[in-house]
Amino acid sequence: MREVRLDGALGDVEPFGDLAVGAATQVVLTTGIFVLAIRLGTGGVSAFDTLMMIVAGAGVAGWVIADEPIVATLCVVGADLIAAAMMVPKTHRDPHSETLSTFALASLGGALAAGAVGVLDVSLLLYPTYYCLVNGAIALLIGRRRSTLSSRLRDPAARLAVAGAAPPHRP
């Protein structure tokens, strides 16, 4: 396969070479994280979690079989929105369990991707706009909860309440 470089020269390109390396790296790392989460993770899966994963799986299946790009994109957005909604309670309880910069930068990436779209077309803007908004909302949740919890820990009575002890009685 031949490519035309910006300086006008022709060069050889190996199809999918860099793409395959990137995809393989992501598969290995994601699988490693999954295995560690199963072995070392805490918590469990409730019936509601199982139902939401089935609905999200249906969204992914809809993406695979849809002939229309907008329908496929809506299926992906639906599946991802369910995953984000499932993450919110844990993030609310323990905002330090998530990395704020990851969600903030992902939101920025979605905004930049939406800004890079050359034509105002819903099918092109739907996913990057959704991605910007959902990641921005999670980043705001993380930041606000961290701020709220740290201000509570500065107040001695609130610190005892957070730790599960009753505040001292003052007549």
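Here, each number is a calculation from the coordinates, and none is a lab measurement. Please read these numbers as outputs of a predicted model, since none were measured by experiment. Positions of Cβ are generated from backbone atoms using ideal geometry, with glycine treated the same way; all protein chains shown enter the neighbour counts.
Structural remarks
- Estimated distance in nm for a label pair at Thr99 and Val21, the labels positioned 7 Å out from Cα along Cα-to-Cβ: 2.2
- Whole-Hz couplings from phi, Karplus 6.51/-1.76/1.60, listed for the stretch 70-75; x for Gly and Pro: 5, 5, 4, 5, 4, 5
- From phi via Karplus (6.51, -1.76, 1.60), per-residue ³J(HN,Hα) for the stretch 21-35 in Hz, x at Gly/Pro: 5, x, 5, 5, 4, 5, 4, 5, 5, 5, 5, x, 5, 4, 4
- Cβ-Cβ distance of Ile70 and Ala137, R₀ of 22 Å, FRET efficiency by 1/(1 + (r/R0)^6): the value works out to about 0.45.
- Residue-wise HN-Hα couplings along the stretch 40-56, as the Karplus relation 6.51 cos²θ - 1.76 cosθ + 1.60 with θ = phi - 60° gives them from phi, are 10, x, 10, x, x, 10, 8, 4, 5, 4, 4, 4, 5, 5, 5, 5, 5 Hz; Gly and Pro carry x.
- Two-site FRET efficiency, Ala85 against Leu125, from Cβ-Cβ distance with R₀ of 25 Å, rounded to 0.05: 0.70
- Sorted fewest first by neighbouring Cβ atoms within 10 angstrom, Thr102, Thr42, Thr73 come out as Thr42, Thr102, Thr73.
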